[in-house]
Amino acid sequence: MRSTNPREVALIFREYARLIHARSVPADPNFLRISIACRKIEQWCEHHYPSFVTLGTGGASSPDPTDARTRIAQHEEKVATQVMRRRRIEAARGPGAKEGPPSRTSRQRISCSTLAASSSSSWRSRYSRSG
């Protein structure tokens, strides 16, 4: 009995879908429907149990290093790790905190408000409209 786990069941379905597709004749009026059904089975199997991942002993899986899809999967995993790390850092900083040094406009506002508070009388006399 080959159907010992869900992966094996999917592989059995894929095997029979390939046999059905190989035996179908283009002259058959349902040829297109049969082809679409077989392709849906293939896509489902490839999505849930990728062919570039091989199962080792003890249930450990390892990607095939010669397959290009391995590099894509590794890159996507690396990007997902970086995004999660960035989210953890932002969450640790607290809500509303921004990354990096303050912007130039916020520094200008701080320096202008500090200047105005320290020398408000001279500033007002210099820029007032009277006289």
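Annotations for the structure displayed:
- The residues on offer are Q74, Q43, and the sole one that is surrounded by 10 or more Cβ atoms within 10 Å (Cβ to Cβ) and within 23 Å of P6 (Cβ to Cβ) is Q43.
- Within segment 7-22, residues that are at negative phi sit with their Cβ atoms under 8 Å from residues that are surrounded by fewer than 13 Cβ atoms within 10 Å (Cβ to Cβ), at 6+ positions apart or across chains, in these pairs: R7/L55; E8/R2; V9/S3; A10/H48; I12/R2; I12/S3.
- Considered as a group, the residues in segment 46-64 that are β-branched (V, I, T) and either open to solvent by less than 60 Å² (accessible area, probe 1.4 Å) or assigned to a helix (DSSP H, G or I) (or both) include one that is modelled with the lowest pLDDT, and that residue is T57.
- Residue match in segment 93-103 (condition: at pLDDT 75 or above and not acidic (D, E)): yes
The values are calculated or read from the model by the stated rules, or taken from the named source; none is laboratory data. What you see is a predicted model, and the numbers here were worked out from it, not measured in a lab. We place every Cβ from the backbone using ideal geometry, glycine too, and count neighbours over all the protein chains shown. Each accessible area value is taken on the protein alone, full model and side chains, heavy atoms only, with ligands, DNA and RNA left out. Shrake-Rupley method; radii C 1.70, N 1.55, O 1.52, S 1.80 Å.
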